[in-house]
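These notes are about the structure you will find just below.
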Amino acid sequence: MPKRDYLVFSDLTKPQVDGLFQLATRMKAGEYRERPLAGKTLAMIFAKSSTRTRVSFEVGTYQLGGHALFLSSRDIQIGRGEPIPDTARVLSRYVDGIMIRTFDHAEVEELATHASVPVINGLTDLHHPCQILADVLTIQQHLGGYAGKRVAWIGDGNNMANSWLDAAALLGFELRLACPEGYEPDHDIYQRARKLTTTLITEEPEEAAEGADVVTTDVWASMGQEGEAEERKLAFKGYVVDAELMRRAKPSAIFLHCLPAHRGEEVTAEVIEGPQSRVFDEAENRLHVQKALLATLMG
Ligand code: CP
Ligand code: NVA
């Protein structure tokens, strides 16, 4: 059987996503006692900072009986220019899976092409597919399912927005994005998604949030965009999830944020700390759903 990678949300089929959610739910409930990673090692390459991704993958691997190696790209030879194909082939001789967080999505594809073990994308400038698995699982747990739901994305058309588009296209829920001009999601990802599900891009946060089941957002400047922070603060003025915007959504709507969050920028403290916020369940679900993913790809 060929090895399976998870680089973008659409690497999975809908039945596979539903299967991961079932397994993750059993794991979360403490009903899963197997150790499919016993004797196995996950290499975790990080070229960017991380709290949730690093800790959830490391703890998850340990709970499944395996061992996780944290490899900062500044410390391994990749940071000194060792070719990715060489790194991929060498690591494949030692470990049973590779998780990578980096800038250029093409580097993750190159790593996966040359690795003989499964490769998991822990975030690139273009995608954040592990986070969206946790987000949709959170929707399922709090709203009883994702079918027929309307998700409102407020702000930057970044890696998170692109993975939301992939998820909406695959699973068939509605996604409305409110982005300032010039900060829309990836053109090709959007064009593909709009053929497969109901989606729109507007410059009006109110239009996106109207009647939504889920309101979600992310930072105005992602990792690697620190130099654009000031111009982004101007561009994203008004792209804020506050109590008034939440009132446009359904009374039962939940608020999600992948974290880290900047209170007073993309979201108010009132909303992220308020009764509709599910951000810590969302963060917890990273652990459960990634364990399901690790057990499936590496077990
Ligand atoms: N949401 C997320 O990926 O968080 P970290 O950057 O802390 O891993
Ligand atoms: N869009 C953010 C997500 C962080 C988890 C970033 O790329 O920095």
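The values are calculated or read from the model by the stated rules, or taken from the named source; none is laboratory data. From a predicted model like this one, the values you see are computed outputs, not experimental measurements. Every residue, glycine as well, gets a Cβ built from its backbone with ideal geometry; the counts of neighbours run over all protein chains shown. Accessible surface areas use protein heavy atoms only, side chains included; no ligands, DNA or RNA. Shrake-Rupley method; radii C 1.70, N 1.55, O 1.52, S 1.80 Å.
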Next on the checklist: To test your reading of the geometry: what angle, between 0 and 90 degrees and rounded to tens, separates the Cα axis of helix 105-114 from the longest principal axis of the chain?
Outcome noted: 30
Next on the checklist: Run lengths n ≥ 4 of DSSP H only: what is the helix-derived mean residue ellipticity at 222 nm for the chain, with -39500 (n - 2.57) per run over all residues, to the nearest 500?
Outcome noted: -12500 deg cm²/dmol
Checklist entry - For segment 140-201, with every protein chain kept in place, what is the accessible area per residue (1.4 Å probe, Å²)? => result 37
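With every protein chain kept in the model, how would you rank MET298, MET1 by accessible area, 1.4 Å probe, largest at the top? Please list the in-between numbers first.
Numbers: MET298 10, MET1 215 Å².
Ranked list, largest accessible area first: MET1, MET298.
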Checklist outcome for this item: Tilt, helix 129-143 to longest principal axis of the chain (alpha-carbon atoms), in degrees rounded to tens, equals 50
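At a 1.4 Å probe, what is the % contribution of carbon and sulfur to the accessible area of the chain?
Taking all protein chains in place, the chain shows 49 percent carbon and sulfur surface.
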Item to check | Point-to-point label distance, LYS3-ARG192, nm (Cα→Cβ direction, 7 Å offset) | outcome: 2.2
Checklist entry - When the chain is modelled as a GNM with alpha-carbon springs shorter than 10 Å, which of GLU58, GLU206, GLU230 fluctuates the most? => result GLU230
Checklist entry - What pairs from LYS3/LYS291; LYS149/LYS195; LYS48/LYS291; LYS14/LYS40; LYS14/LYS149 go past 24 Å between their alpha carbons? => result LYS14/LYS40
Checklist outcome for this item: So the angle from the long Cα axis of helix 279-298 to the longest Cα principal axis of the chain, reported in degrees to the nearest 10, equals 30
Item to check | Solvent exposure of segment 1-126 as accessible area per residue, Å², 1.4 Å probe | outcome: 50
